[in-house]
1. State whether one or more residues within segment 214-228 are assigned to a helix (DSSP H, G or I), touching a helix residue (DSSP H, G or I) at 6+ places or on another chain (Cβ under 9 Å), modelled with pLDDT under 95 and aromatic (Phe, Trp, Tyr).
2. I need the full set of residues from segment 93-113 which are under 26 Å from Met164 (Cα atoms) and either in a helix (DSSP H, G or I) or of a type outside the set (Gly, Ala, Ser) (or both), in order please.
3. Collect the residues in segment 157-167 that are within 16 Å of Tyr43 (Cα to Cα) and either of a type outside the set (Lys, Arg) or in contact (Cβ under 8 Å) with a residue 24 or more places away in the chain (or both), keeping them in residue-number order.
4. Sort through Lys130, Lys163 and tell me the only one that's at pLDDT 95 or above, under 19 Å from Gln312 (Cβ atoms) and assigned to a loop (DSSP other than H, G, I, E, B).
5. Scan segment 95-106 and give yes if some residue there is surrounded by 22 or more Cβ atoms within 10 Å (Cβ to Cβ), more than 21 Å from Gly223 (Cα to Cα) and hydroxyl-bearing (Ser, Thr, Tyr), otherwise no.
6. Name the single residue that is modelled with the lowest pLDDT among those in segment 166-194 being among the aliphatic types (A, V, I, L, M) and within 20 Å of His329 (Cα to Cα).
7. Return the only residue of Tyr124, Tyr136, Tyr170 being outside any helix (DSSP H, G or I) and either touching a residue at least 60 places away in the same chain (Cβ under 8 Å) or crowded, with 18+ Cβ neighbours inside 10 Å (or both).
Amino acid sequence: MELPPRPKLFDFHGVSMTNYFTGNWDNVQNFQARPDDILIATYPKAGTTWVSYILDLLYFGQTAPERQRPIFEKVPFLELLIPLYPPGVEVLDKLTTSPRLIKSHLPVQLLPKSFWEQNCRIVYVARNAKDSAVSYFHFDRMNRTQPEPGVWNNFLQRFMDGKMVFGSWYDHVTGWWEKKQTHSKILYLFYEDMVEDTGREMDRLCSYLGLSPSADEKERVRGGVQFDNMKKNSMANYSTLSIMDFKISPFMRKGRLPHFSPIPLSLSVVPSSPLYVHHLFFAHYSLSLPISHSSGKVGDWKNHFTVAQNEQFDEDYKKKMKNTTLQFHTVV
C-alpha cells in the first residue's frame with residue numbers, strides 16, 4: 001500500500017493548514033450538524049482520543065456489535081481528507097448512531113456555521129503549550145499526513161510562530177476560550193485536570209451532557225480509558241491506521257528512559273547546561289532527536305526543553321497570553 005506524501009503548509013484564511021484538511025472545504029463548511037450532535041474540539045494532541053473514547057463508552061458502551069470498530073470510525077474526523085480513506089464528512093453522513101460524536105481540530109472561526117445554528121453541544125479540551133509542543137513533535141514524526149517535523153529545536157520555533165497544521169496554539173485555545181464566554185453550550189476542559197482526577201472530570205462531562213451513569217458504569221469507563229489500557233486497545237490506539245508509523249513512535253507514547261541510561265548511538269548529543277531535578281544533579285543534554293519519555297502525563301516537556309529553550313518559550317508565552325484570562329498548569 002503506497003503511503004501518501006508528506007504535505008506542505010500554506011496559509012488558509014490566516015491559519016496554517018495542509019491540503020489534507022482543506023481539500024474538501026466546501027463540503028466541510030456545508031456540513032449539516034444535528035441538534036443532538038456532540039463536537040469534540042481540540043488543538044492537536046490535547047487528549048482528543050481520550051475524550052472521544054470516554055464519550056463513546058458513556059453513550060454506547062461496548063455491547064453493540066457496530067461499536068466494535070476503531071475509535072476514528074466511531075468518532076469521525078470532520079475535516080479530514082486523505083488518500084485511502086473516505087472523507088470525514090462522508091463518514092459522518094452515513095453514521096446511524098445518535099448522538100453523533102464528531103472530532104475537529106478547526107479553530108473556532110473556521111467551524112461550520114451549522115454547529116452554531118443547531119446549538120450543538122461542544123466539548124473543548126485544552127492542554128498546556130509545552131506538553132502540546134512535545135506531543136505534536138512526536139506525532140508529526142510518525143504520521144505521514146503531517147509535514148516533516150525536522151529537528152526538535154526548529155520544530156519548537158515553528159510551534160511558537162504558529163507555523164503548525166491548524167495554526168497557532170495560542171490563537172486556538174484563546175479563541176475557543178473567548179467563544180465560551182458568550183456561548184453556553186461549550187464545556188471547556190483541561191487535559192491536566194483530567195490527568196489529575198479523571199473521575200471528577202467525567203462527572204463534569206456527565207453533568208454537562210445530562211447523563212446519569214451508575215457507579216459501576218462510571219468505574220468501568222474510568223478503567224477502560226486508563227492510559228495503559230487504551231495504549232493496548234487496538235480500537236483506541238490507532239494501530240490499524242496505515243498512515244501511522246509505529247516503528248518511529250507510538251500514537252500513545254509511554255515509557256521512561258532514565259537519565260543515566262546509555263544514550264543510543266544514533267543520537268547526536270551536545271553537552272548543555274546543568275539541570276537540577278528533584279534536588280539531584282544530572283548532566284543535561286541537548287539532543288538532535290529528543291528521547292521519548294513518559295507520555296499521557298503532565299510535565300513531559302521537562303524531558304525535552306533545554307534551559308535556554310524553556311526561558312525563550314516562557315518569555316514568548318507571556319507576550320502572547322498577556323491579554324487572556326485563560327490559565328494552564330504545566331505540572332500535576
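1. At the first step, the residues of segment 214-228 found to be assigned to a helix (DSSP H, G or I) are 215-224, 227-228.
Still in the running and touching a helix residue (DSSP H, G or I) at 6+ places or on another chain (Cβ under 9 Å): 217-224, 227.
Filter once more, so that each one left must be modelled with pLDDT under 95: 217-224, 227.
If we keep only those that are aromatic (Phe, Trp, Tyr) as well, we get 227.
So far as segment 214-228 goes, yes, one or more of its residues are assigned to a helix (DSSP H, G or I), touching a helix residue (DSSP H, G or I) at 6+ places or on another chain (Cβ under 9 Å), modelled with pLDDT under 95 and aromatic (Phe, Trp, Tyr).
2. Initially, segment 93-113 is screened for residues under 26 Å from Met164 (Cα atoms), giving 101-113.
Within segment 93-113, Leu101, Ile102, Lys103, His105, Leu106, Pro107, Val108, Gln109, Leu110, Leu111, Pro112, Lys113 meet the criteria.
3. Filtering segment 157-167 for residues within 16 Å of Tyr43 (Cα to Cα) gives 158-167.
Of everything in segment 157-167, those that are within 16 Å of Tyr43 (Cα to Cα) and either of a type outside the set (Lys, Arg) or in contact (Cβ under 8 Å) with a residue 24 or more places away in the chain (or both) turn out to be Phe159, Met160, Asp161, Gly162, Lys163, Met164, Val165, Phe166, Gly167.
4. Working: Lys130 fails: assigned to a loop (DSSP other than H, G, I, E, B).
From the options Lys130, Lys163, the qualifying one is Lys163.
5. Yes, there is a match, as at least one residue in segment 95-106 is surrounded by 22 or more Cβ atoms within 10 Å (Cβ to Cβ), more than 21 Å from Gly223 (Cα to Cα) and hydroxyl-bearing (Ser, Thr, Tyr).
6. We begin by selecting, within segment 166-194, every residue among the aliphatic types (A, V, I, L, M); these are 173, 186-187, 189, 194.
Adding the requirement that they be within 20 Å of His329 (Cα to Cα) leaves 173, 187, 189, 194.
Working: Val173: 99, Leu187: 98, Leu189: 98, Met194: 93.
Among residues in segment 166-194 that are among the aliphatic types (A, V, I, L, M) and within 20 Å of His329 (Cα to Cα), the one modelled with the lowest pLDDT is Met194.
7. Values: Tyr136 fails: outside any helix (DSSP H, G or I); Tyr170 fails: outside any helix (DSSP H, G or I).
After applying the criteria, what remains is Tyr124.
The values are calculated or read from the model by the stated rules, or taken from the named source; none is laboratory data. It should be emphasised that the depicted structure is a prediction, and the values quoted were computed from it without experimental measurement. Note: ideal-geometry Cβ built from the backbone for every residue, glycine included; neighbour counts use all protein chains shown.
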